[in-house]
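Notes to accompany the following structure.
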Amino acid sequence: MPNAYLSIGTNIENRQENLENALKSLNQTENIKITHVSSVYETDPVGFEDQDAFLNIAVALETTLDQETLLQTGLNIETELGRVRLIRWGPRLIDIDLLLYDDIKQQSSTLELPHPRMTERAFVMIPLQEIAPDVAAPLLQKEVLQDQGIRKTKIKLEW
């Protein structure tokens, strides 16, 4: 089965519950098996900085869904959980990004793989490095990540 990696983040309402609900929804989706979930990291906002801190995780999964269907599944889960898109990089109830799907490189109007900004963001790369060091190591740009505010929490997710 293909391996895919997701980044999930949230910074409004009950952030822990939002992450748990996203994991539950993914786990209940046919043809998706979650294999690893990183620790929960609290991170300072990037881009639009006038907002609350985020909770972020990385998720490894096995799936028989193709990459476009997996992307749409993530978008559907965001909508089901109540995400409304108002401000780019702004506050969000839940954000599910497809980072990597096997070794596929793709650039289309709907999907770019690997995710185009993942290597610039500590909130993506640090959790990914935790669950998939061999995948993250060749991509990691430590000089870019060292100044970004990211803190490992003691939150334990239940899903």
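The values are calculated or read from the model by the stated rules, or taken from the named source; none is laboratory data. Bear in mind that the values here come from a model prediction, so they are computed numbers and not experimental data. When we count neighbours, we look across all protein chains shown, and the Cβ atoms used for this are built from the backbone with ideal geometry, even at glycine. Just so you know, the surface numbers come from the protein's heavy atoms only, side chains and all, with ligands and any DNA or RNA stripped out. Shrake-Rupley method; radii C 1.70, N 1.55, O 1.52, S 1.80 Å.
List of remarks:
- Residue among N76, N56 that is at pLDDT 95 or above, of a type in the set (S, T, N, Q) and within 12 Å of the chain's Cα centre (by Cα): N56
- For the range 89-111, the set of residues classified as under 14 Å from L6 (Cα atoms) and of a type in the set (S, T, Y) consists of Y101 only.
- Residue that is open to solvent by 20 Å² or more (accessible area, probe 1.4 Å), touching a residue at least 60 places away in the same chain (Cβ under 8 Å), within 18 Å of G149 (Cβ to Cβ) and hydroxyl-bearing (S, T, Y), where the choices are S39, S7: S39
- Residue within the range 81-90 that is within 22 Å of D134 (Cβ to Cβ), open to solvent by 30 Å² or more (accessible area, probe 1.4 Å) and either assigned to a loop (DSSP other than H, G, I, E, B) or not aliphatic (A, V, I, L, M) (or both) present: no
Condition check ((1) touching a residue at least 12 places away in the same chain (Cβ under 8 Å); (2) open to solvent by 60 Å² or more (accessible area, probe 1.4 Å)) across all residues:
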{"position": "D52", "(1), (2)": "yes, yes"}
{"position": "V59", "(1), (2)": "yes, no"}
{"position": "L75", "(1), (2)": "yes, no"}
{"position": "I96", "(1), (2)": "yes, no"}
{"position": "S109", "(1), (2)": "no, yes"}
{"position": "P114", "(1), (2)": "yes, no"}
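- When residues of the range 10-29 are limited to those that are of a type in the set (A, V, I, L, M), in contact with a helix residue (DSSP H, G or I) (Cβ under 9 Å, 6 or more places away or on another chain) and buried (at least 22 other Cβ atoms within 10 Å of the Cβ), the one farthest from E62 (Cα to Cα): A22
- Selection count, the range 138-157, where residues are at pLDDT 80 or above, closer than 15 Å to S38 by Cβ and of a type outside the set (V, I, T): 5
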